[in-house]
Amino acid sequence: MPFLNDRMEEGQRRVAERQALALENIGPGDLEDNHRRAATVGRFRFSIPAIEAHLRSQIIGQEGAITAVLDLLRIVLADIGDGRRPLATVLFLGPTGVGKTELVRSLAQALHGDADALCRIDMNTLGQEHYAAAISGAPPGYVGSKEGRTLFNPETIEGSLERPGIVLFDEIEKASPQVAMALLNIFDHGTLTVASGERTYSFRNSLIFMTSNLAAHQLRQAVLAMHSGWRRRLFPLSLQAQQERLQELAHTALIERFAPEFVGRLDHIEVFHAIQGTDVAALIAREIEKLNGRLAKHRCRLTLSPALIEHLARTGFDRQFGARSLRRVLRRLIEAPLAQLLMEAQAGHRESINLRDRQGSIDLGADLFRGEVVFSAPG
């Protein structure tokens, strides 16, 4: 019966929480017992080096953000955090297309083997105050109050005994203030009891991430000011000084948009940098590798000449839109003519086809701007 199943799940969650909290209540005289229990009752089992390698292969140009996430994972793996709160509450700030959401998805891929193994809530759909019920549940007397339904998926929130759950509040600044305030109890106590009292969700085994484009324009202008003018050229700011300045701007913007008690409950605020021109070639290589993964079912592989990569990097990248502008250009200049070639070619009957200017496709320029599609032998 649904009622009994809910009660059993609630009981299992409470047992797991009591076990997690038990280590915090050990006094100084019980250190030896603490060591023994820690050696045999590890909460989490995942490899930091493997996660680091995956994140660095997927996220380009955001060294600070990757380092911050890895530091948080070390705290989680060591199991020294406060067991009465979420494992981490992190806000990613920065312009669009720099990898904020992609970093969370890549972490889900590294931890759970699936980039969609997270509870993602698009906060731009919760822009009106009455949508707070989507977070805290309908109040008593309203339709759906007895079911205790919210947007949260308990399985992806709670993870497992060996892997933490992941929650993503995307574009948090677009939610109404009432919706944002509904999250305070989650940040503070790691639990959410729906308004009807019918159900409690536990976030104490969760990594909570939020993304925001808040103050993106101010941050971009600050970066430009740091690298322009003769004074900056003669007396450049250190990397640490630059980061502190950006963090200060971000904190000011957050206080203007959110209540201080909301900002005060965040464990970490990370400012993402705008993508630099030197990173564009690496971004193109990553996107082509993803495309080749999708081409595997067609038994072919695409390679681009260095001249074509340089051409795409020079003409296809827009700093304002980051990686998203690059994906649009790759779809128009690479994927569209490639799709035409795949439709024309019979796999296994042609060993290679040059990706050149073809009828109905965009002119890529001279012959040195080319890619090659190599089909494998039939088998």
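The values are calculated or read from the model by the stated rules, or taken from the named source; none is laboratory data. For clarity, every value in this text was computed on a predicted model and none was experimentally measured. Note: ideal-geometry Cβ built from the backbone for every residue, glycine included; neighbour counts use all protein chains shown. For accessibility, only protein heavy atoms count, side chains too; no ligands or nucleic acids. Shrake-Rupley method; radii C 1.70, N 1.55, O 1.52, S 1.80 Å.
What is the sum of charges, Lys and Arg at +1 and Asp and Glu at -1, for the other residues whose Cβ falls under 10 Å from the Cβ of L93?
Charge balance in the 10 Å sphere: -1.
Electrostatic bookkeeping for Q58 treats Lys and Arg as +1 and Asp and Glu as -1; over the other residues with beta carbon under 15 Å from its beta carbon, the sum is -2. Computed extension length for A307-H268: 9.9 nm, one decimal, from 0.36 nm per residue of separation with the Cα-Cα distance subtracted.
A 1.4 Å probe, protein heavy atoms only, puts the accessible area of R85 near 50 Å². At an R0 of 35 angstrom, the distance between the Cβ atoms of F46 and E256 translates into a FRET efficiency of 0.40.
As a test of understanding, state the convex hull volume per residue of the range 147-208 from its alpha carbons, in Å³. Please report the intermediate quantities before stating the final value.
On the way: hull volume 5.6 nm³, N = 62.
Spelled out: Cα convex hull of the range 147-208, divided by residues, is 90 Å³.
Given the convex hull over the Cα atoms of the range 236-339, what projected area results after averaging over all orientations, in nm²? Intermediate results must be reported in sequence, preceding the final value.
Values: hull surface 40.1 nm².
That works out to 10.0 nm², a quarter of the Cα hull's surface.
Our estimate of slack between D318 and A336, defined as 0.36 nm per intervening residue step minus the Cα-Cα distance, is 4.5 nm. Taking a point 7 Å from the Cα of Q247 along the Cα-to-Cβ direction, the residues of the range 86-109 with backbone N closer than 16 Å to it are 89-94.
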